[in-house]
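Here's the structure, in structure tokens; my notes come after.
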Amino acid sequence: QLPLTLSASFHGPISHSPEASEKRGSSRSVDKSFKVRTGTKKDKKQLEENSKINLLIADSDEATIKLAKRLLEKQGYRVDSVSNGDDCLQSVQKKKYSVLLLSENLSRKDAPSIVRWIRKKEKSDGYRSKAQLLILVQRILSVDYHVYNDAEVDGFLPKPLEGSRLIPAIEKSVLEYQESMVMASKIEENPIPIKSEDIVATKSIPVKVMKPKP
């Protein structure tokens, strides 16, 4: 199953197929129905909660990084940024991030390779919860989704970034990450017991050794 594209309003994921996009209409007409949330005032408690969330932006475009950091830091998030794929991998090795924004056009290491590396690292490290990985793309309809088939990407965001899309996307991604953390802790506290009758006995098969003829 191919990854899903993030809705601009972010009430939920939407299909990334061109046919579905044409039925919904152009992005310009859709954007008019969204309420820009970048000016929403956060209470002190919410800002404190957001300050515990680590985000990473990997993009070679300095303007995109500055805009994203300004919008996200305004919401209280702790935001790191890198400009190439190698630095992205180094950052992930040093710190655990809840959400990563990866440009599809990163230098030195492309986004699909980074995503696969991160997922492999999470499995080898025994992480119960996975980071939310969002890909920044120039055009949703022109993305080669097949290269992300086995990369376990959580969604795509179009560039240039807009607060009305970015903030809801991050909020939803953080919520999903936190829910996965809660679920993982419940599993650790109450592991599912394995009954003896559920264990399938295996019968050893003797190996016949062929002796050489005299």
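The values are calculated or read from the model by the stated rules, or taken from the named source; none is laboratory data. The model shown is predicted, which means the values in this text are computed figures rather than measured ones. In this analysis, Cβ positions are derived from the backbone assuming ideal geometry, glycine residues included, and neighbour counts consider all displayed protein chains. What goes into the accessible areas is simple: the full protein's heavy atoms, side chains included, and nothing from ligands, DNA or RNA. Shrake-Rupley method; radii C 1.70, N 1.55, O 1.52, S 1.80 Å.
Miscellaneous remarks
- Scanning region 135-170 for residues that are assigned to a loop (DSSP other than H, G, I, E, B), over 15 Å from the mean Cα position of the chain (by Cα) and either among the aliphatic types (A, V, I, L, M) or closer than 20 Å to Ala63 by Cα (or both) yields Gln138, Arg139, Val143, Lys159, Pro160, Leu161, Glu162.
- There is no residue in region 53-64 that is small (Gly, Ala, Ser), open to solvent by less than 50 Å² (accessible area, probe 1.4 Å), without any contact (Cβ under 8 Å) to a residue 40 or more places away in the chain and within 18 Å of Gly163 (Cα to Cα).
- Taking the criterion of being assigned to a loop (DSSP other than H, G, I, E, B) and either among the polar types (S, T, N, Q) or open to solvent by 10 Å² or more (accessible area, probe 1.4 Å) (or both), the residues of region 111-133 that qualify are Gly126, Tyr127, Arg128, Ser129, Lys130.
- Single unsatisfied condition, Tyr97 versus (1) aromatic (Phe, Trp, Tyr); (2) in a loop (DSSP other than H, G, I, E, B); (3) at pLDDT 90 or above; (4) out of contact with any strand residue (DSSP E or B) (no Cβ under 6 Å at 6 or more places or on another chain): (4)
- Some residue of region 69-82 being over 30 Å from Asp43 (Cβ atoms) and small (Gly, Ala, Ser): no
- Tally of residues being within 18 Å of Leu72 (Cα to Cα) and either free of Cβ contacts under 8 Å to residues at least 12 places away in the same chain or among the aromatic types (Phe, Trp, Tyr) (or both) across region 86-105: 1
- Test: Arg108 is closer than 28 Å to Val79 by Cα, modelled with pLDDT under 80 and outside any helix (DSSP H, G or I): no
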